[in-house]
Every structure is written in C-alpha cells, then in structure tokens.
Amino acid sequence: MVRMMTVMCLISLNGMAQQEVYVRPGLLRSSLTFSPSAMLNNSTTNYYLTGFLEGYIGDNLSIRGETHYLLGADNGELSPFFKSSIRTSFGIQYHKNVKNFDSYIGFLPSVSFSQLNEEFVSTGVARNHFEPSFALKAGVTYYVYKFFHFFLEATYYNTTIRALDRINGRADEFMFSAGLGFNINTKK
C-alpha cells in the first residue's frame, strides 16, 4: 500500500513539473467503477456498476453520458423496490479548472428501466417500468497524466416509482463514485 501511494505521488509530482494542461476542449474521458448509493427514503444501500463517457466542448463545458447497473443491496439481496434496474443519464456539466485540477457540477436528465419486486406492485400493473428522473452531480478530477486521471464525485438522483402499493414510491438516492479514469485529447 505504501509503495503504491509513493508511486502515485511520484507520478503526480512528475506531471506537475511538466505543467502540460490536459483539460481543454476536445478532451474525452471515461471510466468504469463501483458506486454505492444511499436511498434517502429508506435505509437501503444499493450498489451499482457505473460507466461514463464525457466530452469537453469548451473550456468550462462538457457533455456527459453515464449508465448505472444495479448489482444488489446492503442486505445481500436486491433493493426493496427493484429486482433489476438500469439507469441512463445524459446532460451537461460546468467546470472550473486550475491547471489539471478540475471541479464540476452538472445536471443530467435520466431514465430508469426497472423490474419491480412483486410484493409492492399494484394489482394489474406491469412489473417492468420506465421512469424519468434527473441527476445533480458534483465532483473533482485530477489529471495525473495525459492518459489517466483520478476522480471523486457525488450524485443525487431524483426518482419516483409509480403504481406501488403499501410503500412510498420515492426512490431518491445519493450515490458516490471514485476511481481511476482514462482520457485522451482529440485536438492538439
């Protein structure tokens, strides 16, 4: 662990000494990571596999698409609401850059494709649901090298599931993501 941290610090120092700025229009970045989320209306923690692709269209603007695939919940089973769920978002983010340190906020309209647990679905209502939602995102990224970066972000998802019995259909979540991402500049 100490060796890995030392190597990461040396790479970071080397990147800072070179002073090449990677955050600019034409930058594409992506990642695949594990994202836990806390549901705000009950005590469930869901776990997602998250992937994103983001393209910078200006010095301070980017377009981002991301998908979250539900892996399970904290009790070893699935969420109280979902048997399965895939959420896809596409939106715009505003960035504030200082050299290769990038902070951002964003708004991403979203859709969820979910199969609901039978016990909560109203009689005569399909278990498969398409639900519109939206996400508010805030995060930071540090570009260590021209091909990779480290990121940390938090996302609030506003989702309401309709046609449920015996429980509130609010499925708002607060999701955390962090990890290693990959990037490439498409413009010189």
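Of the residues N97, N75, which single one is at pLDDT below 95, among the polar types (S, T, N, Q), part of a strand (DSSP E or B) and open to solvent by 40 Å² or more (accessible area, probe 1.4 Å)?
The match here is N97.
Name the single residue, out of those in region 139-164 being among the hydrophobic types (A, V, I, L, M, F, W, C) and in contact with a helix residue (DSSP H, G or I) (Cβ under 7 Å, 6 or more places away or on another chain), that is nearest to S31 (Cα to Cα).
Our first condition is that a residue be among the hydrophobic types (A, V, I, L, M, F, W, C); within region 139-164, this holds for 140, 144, 147-148, 150-152, 154, 161, 163-164.
Next, only the ones that are in contact with a helix residue (DSSP H, G or I) (Cβ under 7 Å, 6 or more places away or on another chain) stay: 144, 164.
On the way: V144: 15, L164: 34 Å.
Checking each candidate, the answer is V144.
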(request) Could you please tell me which pairs satisfy a Cβ distance under 9 Å, a separation of 6+ or placement on different chains, a first residue in region 62-89 that is closer than 20 Å to T160 by Cβ, and a second residue that is at pLDDT below 85 and among the aromatic types (F, W, Y)? (result) L70/F82; A73/F82; P80/F120; F81/F120
(request) Look through region 157-188, keep the residues that are more than 16 Å from the chain's Cα centre (by Cα), open to solvent by less than 80 Å² (accessible area, probe 1.4 Å) and of a type in the set (V, I, T), and return whichever of them is modelled with the highest pLDDT. (result) T160
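Residues checked against (1) polar (S, T, N, Q); (2) at pLDDT 75 or above; (3) open to solvent by less than 20 Å² (accessible area, probe 1.4 Å):
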site: L70; (1), (2), (3): no, yes, yes
site: F90; (1), (2), (3): no, yes, no
site: I105; (1), (2), (3): no, yes, no
site: E119; (1), (2), (3): no, no, no
site: P132; (1), (2), (3): no, yes, no
site: A135; (1), (2), (3): no, yes, yes
site: T141; (1), (2), (3): yes, yes, yes
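The values are calculated or read from the model by the stated rules, or taken from the named source; none is laboratory data. Quantities reported herein were computed from a predicted structural model and do not represent experimental measurements. Note that we place each Cβ from the backbone using ideal geometry, even for glycine, and neighbour counts take in every protein chain shown. Just the protein is used for accessible areas: all its heavy atoms, side chains included, with ligands, DNA and RNA removed. Shrake-Rupley method; radii C 1.70, N 1.55, O 1.52, S 1.80 Å.
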